[in-house]
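In what follows, a structure is listed as structure tokens, so that the remarks can point back to it.
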Amino acid sequence: MAKKFFGRERQKKQLIDFFKSNNQSFALLFGRRRIGKTELLKHCISVPEIKNIISVYYECKETSEQNNCESLSDIVSEILDFPPVAFSDFEEILRFMFKQAAKKEMIFIIDEYPYLRSVIKGLDSIIQNVVDEYRDESKLHLVLCGSYVETMKSLQEKQNPLYGRFDLVIDLKAMDYLESSLFYKDFSNEDKVRLYSVFGGVPYYNRLIDSKKSVRQNILDLIASAGSRLENEVIMYLKSEINKMTNAYEVFEALSKGCVRFADILSQSKVSSSPTLVDVLDKLIKMEVVKKEAPINDENNRKKAGYYISDPLTLFYFKYIFRNLSRLNVMDGDVFFDKFIANDFEEKHVPKFFEDVCRQFLIRKNRRAELENGFEKIGKYYYDDPKNHRNGEFDIVTENSGEYTFYEAKFKDAPIGRNVILSEIEQVKAAGLKCNKYGFFSKSGFRNISKVDKANLILFDLADMF
């Protein structure tokens, strides 16, 4: 039985429209490992309006050009119902595919392209020459796909032969909280937030979640016990790149402890120098496992920018597992969870991720023009309060034409009451900040809020978000 496909509506439409084109077309699809690239492509070529187009899908191997050509030759011969064909090199296969597509539309998907590129000198130039040669003579829909994000992005740079050749480029990111929740729809809304805070928006991880088990048991079975399914996942994903970096694991540990400013990361990680840390952070950002965020009211101030682990599973691993590996291997899973995860997870980790879920919710609503107070920017807001000798940040703030809306998110069992709201509003005013409107997110709803108050506030609970 085929796996049910969830989400990716925008990317599905882009690819299906691409495959329905009557002319030759060339696409680039990339994203980190496990993000669902192959599944997306295979789903799109199987939909009713596309499945009648002949499709050749090939996943490149980390072997020689000859070995790849032999494997691809077998697939081409089988799908096109040809006698076994022996091609001398990849260029010959490529030309053969373009010629075949002169008669009828065809789809040719080359997955894990960087593997093939590393063993064929000048492959980008070879493809560019063939694409240009058959531009007006063929109806081949060619897709290059790969997991090495930096390599795939380089194909779009001006100095690359393929620059300007792509008709469609998709940088496939992790799913947001709502798309991710489709994988575990039988859980309560608050448990969906908890699951997202661990497994994030990576389809491969989310498919492993068992709806018959509790959130705690899923975490134990998948990441927080010796021999768990994803025990080595984070390290294996990072290994090929991190082995080339000095102090990368120390940087991850510093970030997982809540160090976000450059100076704090440098001090905590004990990286040898600022230039070394800059290099490590730049590489991790290019890998898309770390993100850099500046406050929306001071975007060019590098000192106020913060660095964060962007992948939830990576953050969870370095926060709770990596530093306790020796303990994990000798302790009972439940005992380990209670001692090193349970309290911090519920009191700090999930509430912090709830803020990220709230930001994603606002972005979704804004894209659909469903907010009365639409916005141009969303992010953190940094403030200085010289009078009281303090500074700080508000985590969820939107800006529209210079007007700001401040939001507060509470992942607590008790409903938010009027006194809490007034206290939060007073905090904004005390910092001397101008606010257009105030918004609140509550896991447990609201109480004692009058109609007059509601008219001046933006209030959302979990039911609104899911």
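The values are calculated or read from the model by the stated rules, or taken from the named source; none is laboratory data. Fair warning: this is a prediction, and the values are worked out from it, not measured in the lab. Note: ideal-geometry Cβ built from the backbone for every residue, glycine included; neighbour counts use all protein chains shown. Surface areas here come from the heavy atoms of the whole protein model, side chains and all, with no ligands, DNA or RNA. Shrake-Rupley method; radii C 1.70, N 1.55, O 1.52, S 1.80 Å.
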Would you mind telling me which numbered condition in (1) part of a strand (DSSP E or B); (2) under 22 Å from Tyr308 (Cα atoms) Tyr404 fails? (2)
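Residue-wise test of (1) farther than 21 Å from Thr314 by Cα; (2) at pLDDT below 90.
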site	(1), (2)
Ala254	no, no
Ile265	no, no
Lys270	no, yes
Ser274	yes, no
Asp282	no, no
Asp298	yes, yes
Any idea how many residues of the range 94-123 are open to solvent by less than 60 Å² (accessible area, probe 1.4 Å), touching a residue at least 12 places away in the same chain (Cβ under 8 Å), part of a loop (DSSP other than H, G, I, E, B) and more than 18 Å from Ser71 (Cβ to Cβ)? 3
Which of the following residues is within 19 Å of Lys192 (Cβ to Cβ), assigned to a helix (DSSP H, G or I) and out of contact with any His (no Cβ under 8 Å at 6 or more places or on another chain): Asp344, Asp356, Asp334? Asp356
If we keep just the residues of the range 210-225 that are assigned to a loop (DSSP other than H, G, I, E, B) and in contact (Cβ under 8 Å) with a residue 60 or more places away in the chain, which is surrounded by the fewest Cβ atoms within 10 Å (Cβ to Cβ)? Ser225
Within the range 296-355, restricting to residues that are under 23 Å from Asn232 (Cβ atoms) and among the basic types (Lys, Arg), the one that is most open to solvent (accessible area, probe 1.4 Å) is Lys339
Could you tell me which of the residues Asp136, Asp74, Asp132, Asp89 is in contact with a helix residue (DSSP H, G or I) (Cβ under 8 Å, 6 or more places away or on another chain) and charged (D, E, K, R)? Asp89
Residue hits (the range 423-434; out of contact with any helix residue (DSSP H, G or I) (no Cβ under 9 Å at 6 or more places or on another chain), part of a helix (DSSP H, G or I) and either within 22 Å of Pro351 (Cβ to Cβ) or open to solvent by less than 60 Å² (accessible area, probe 1.4 Å) (or both)) are Ser423, Glu424, Ile425, Glu426, Gln427, Val428
Out of the residues in the range 443-466 that are part of a helix (DSSP H, G or I) and among the small types (Gly, Ala, Ser), state the one that is modelled with the highest pLDDT. Ala463
Residue satisfying all of: in the range 435-454; within 12 Å of Gly417 (Cβ to Cβ) and polar (S, T, N, Q); most open to solvent (accessible area, probe 1.4 Å) among these: Asn448
Exception for Val278 within (1) open to solvent by 40 Å² or more (accessible area, probe 1.4 Å); (2) touching a strand residue (DSSP E or B) at 6+ places or on another chain (Cβ under 7 Å); (3) among the β-branched types (Val, Ile, Thr) falls at (2)
Inside the range 411-422, can you point out the residues that are crowded, with 19+ Cβ neighbours inside 10 Å and either aromatic (Phe, Trp, Tyr) or not in a helix (DSSP H, G or I) (or both)? Phe411, Ile416
Say whether the condition of being open to solvent by less than 20 Å² (accessible area, probe 1.4 Å), at pLDDT 95 or above, of a type outside the set (A, V, I, L, M, F, W, C) and closer than 19 Å to Leu168 by Cα is met by at least one residue in the range 37-52. yes
Of all residues in the range 237-275, which are part of a loop (DSSP other than H, G, I, E, B) and surrounded by 13 or more Cβ atoms within 10 Å (Cβ to Cβ)? Met245, Thr246, Asn247, Lys257, Cys259, Val260, Arg261, Val271
Within the range 53-66, residues loosely packed, with under 13 Cβ neighbours inside 10 Å and either out of contact with any helix residue (DSSP H, G or I) (no Cβ under 9 Å at 6 or more places or on another chain) or closer than 25 Å to Ser21 by Cα (or both) come out as none
